[in-house]
1. I need every pair where a residue in region 153-177 that is farther than 23 Å from Lys257 by Cβ has its Cβ under 8 Å from the Cβ of a residue that is assigned to a strand (DSSP E or B) and among the small types (Gly, Ala, Ser), sequence separation at least 6 or different chains.
2. What about Lys136, is it more than 30 Å from Ser208 (Cβ to Cβ) and among the basic types (Lys, Arg)?
3. Which members of region 197-208 meet the condition of being among the β-branched types (Val, Ile, Thr) and buried (at least 23 other Cβ atoms within 10 Å of the Cβ)?
4. Considering each of Asn232, Asn284 in turn, give the residue that is exposed (fewer than 13 other Cβ atoms within 10 Å of the Cβ) and either within 25 Å of Val179 (Cβ to Cβ) or at pLDDT 75 or above (or both).
5. Picking from Glu247, Glu269, Glu223, which residue would you name as being at pLDDT below 75, surrounded by 12 or more Cβ atoms within 10 Å (Cβ to Cβ), out of contact with any Ser or Thr (no Cβ under 9 Å at 6 or more places or on another chain) and not in a loop (DSSP other than H, G, I, E, B)?
6. Among the strands (runs of 3 or more DSSP E) confined wholly to region 74-164, which include 1 or more residues that are surrounded by fewer than 20 Cβ atoms within 10 Å (Cβ to Cβ)?
7. Being in a loop (DSSP other than H, G, I, E, B) and of a type in the set (A, V, I, L, M, F, W, C) is the filter; apply it to region 165-209 and report the residue that is farthest from Thr291 (Cα to Cα).
Amino acid sequence: MKKFVCFIFVIIFMCFISSFSFAGEIDIAEDELITKEEEIIIPEKEPAIPEEVKVAASDIEYADVPEVLYINQEFELNARVLPVDSTDMIFYESSDQNICKVNSMGQIKGIKKGNAVITIKAGNIKKNINIKVDIKSVLIETNKSCVILKPGGEFHIESKVKPSDAKQYINYKTLDSNVCEVDSKGNIKAKNYGTTSVVLSNEDTSASVTVIVNNVIQNGESEVKPDITVGNNGEDDSKNKVVKISECDIITKDVLKDMYENNKKLIVEGENYTITIDGKNIVNYNNEFNTDIKLKCDEGKIS
């Protein structure tokens, strides 16, 4: 009986030990599994880089180009590619850099007289621009700056443009057609008493000739007086214009403006007095100037 009880006790003890060992192994296996799972790192996928979408140029716009570009004159083409989201780059080139240059920003510059073609490219689009480079005139010279004529009298204005290789085209215009008329060749014909100016101009510069029409020309005196020597553009000759009061009793605003702009001087000789009008000292040329002054002497005082 005692042997049987001991046998049962041994069996129970062994079962207890076995269950304890098995449970420990399970716990250890679970711990090892968790550790291994924690060590596994799944790399994240990098975002895909989208391919660049190319947009072709469909047109090129640019600023209105002047008909003539003068030497050393610069002009910005301000070109842009359409559509605005086009990926095509814009390029410029000149057919002759010795006549007209263009840089990478589309700025053109006249170099010497001649013709050139500026080409603008973007993708498959190309625009050609014809450029004419010319010499700018800076001065119009005349043989006289002031003439005195009787009604019906005539005078031819000899003129030339400087520099000599600039365009020699000159336009003639009278400021008062009631006083005189002028044709396209510079021939003046006096009509009625008065004073006015004939303006000579082109696209670049201008000059003027003062015309005085009266009926007082003394015997042996030329209608176009030799002492009319005040030059245009502020260049004074050896004498100033001298007229008698009977020849120029009213100086119109057009003449005053011409004297002011071209630095002319006019001397009017009256009875017992002389009036000197210097163009550079004129403050307001929008009024007529009456040179016929009546002087009275009363008790030693002039009024």
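The values are calculated or read from the model by the stated rules, or taken from the named source; none is laboratory data. Only a predicted model underlies this, so the values are computations on that prediction, with no experimental measurement involved. Here Cβ is always computed from backbone atoms with ideal geometry, including for glycine, and neighbour counts include all displayed protein chains.
1. Close Cβ pairs (under 8 Å, with a partner that is assigned to a strand (DSSP E or B) and among the small types (Gly, Ala, Ser)) amount to Gly153/Ala190; Glu154/Ala190.
2. On the way: more than 30 Å from Ser208 (Cβ to Cβ): no; among the basic types (Lys, Arg): yes.
Considered against the rule, which asks whether it is more than 30 Å from Ser208 (Cβ to Cβ) and among the basic types (Lys, Arg), Lys136 comes out as no.
3. First pass over region 197-208, keeping only residues among the β-branched types (Val, Ile, Thr): 198-199, 205.
Hit for region 197-208 is Val198, nothing else.
4. Values: Asn232 fails: exposed (fewer than 13 other Cβ atoms within 10 Å of the Cβ).
When all the criteria are applied, what remains is Asn284.
5. On the way: Glu247 fails: not in a loop (DSSP other than H, G, I, E, B); Glu223 fails: not in a loop (DSSP other than H, G, I, E, B).
Every option except Glu269 fails the conditions.
6. Details: elements: 74-76, 80-82, 90-94, 100-102, 107-110, 114-122, 125-134, 139-142, 146-149, 154-156, 159-162.
Result: 74-76, 80-82, 90-94, 100-102, 107-110, 114-122, 125-134, 139-142, 154-156, 159-162.
7. To start, the set of residues in region 165-209 that are in a loop (DSSP other than H, G, I, E, B) comprises 165-170, 175-179, 183-186, 191-193, 202-205.
Then keep just the ones that are of a type in the set (A, V, I, L, M, F, W, C); that gives 166, 170, 175, 179.
Working: Ala166: 41, Ile170: 33, Leu175: 21, Val179: 19 Å.
Restricting to residues being in a loop (DSSP other than H, G, I, E, B) and of a type in the set (A, V, I, L, M, F, W, C), the top hit is Ala166.
Quick grid of which residues meet (1) of a type outside the set (S, T, N, Q); (2) without any contact (Cβ under 8 Å) to a residue 40 or more places away in the chain; (3) within 21 Å of Lys167 (Cβ to Cβ); (4) in contact with an Asp or Glu (Cβ under 8 Å, 6 or more places away or on another chain):
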| residue | (1), (2), (3), (4) |
| --- | --- |
| Val55 | yes, yes, no, yes |
| Asp59 | yes, no, no, no |
| Tyr62 | yes, no, no, no |
| Ile99 | yes, yes, yes, no |
| Thr119 | no, yes, no, yes |
| Ala122 | yes, no, no, yes |
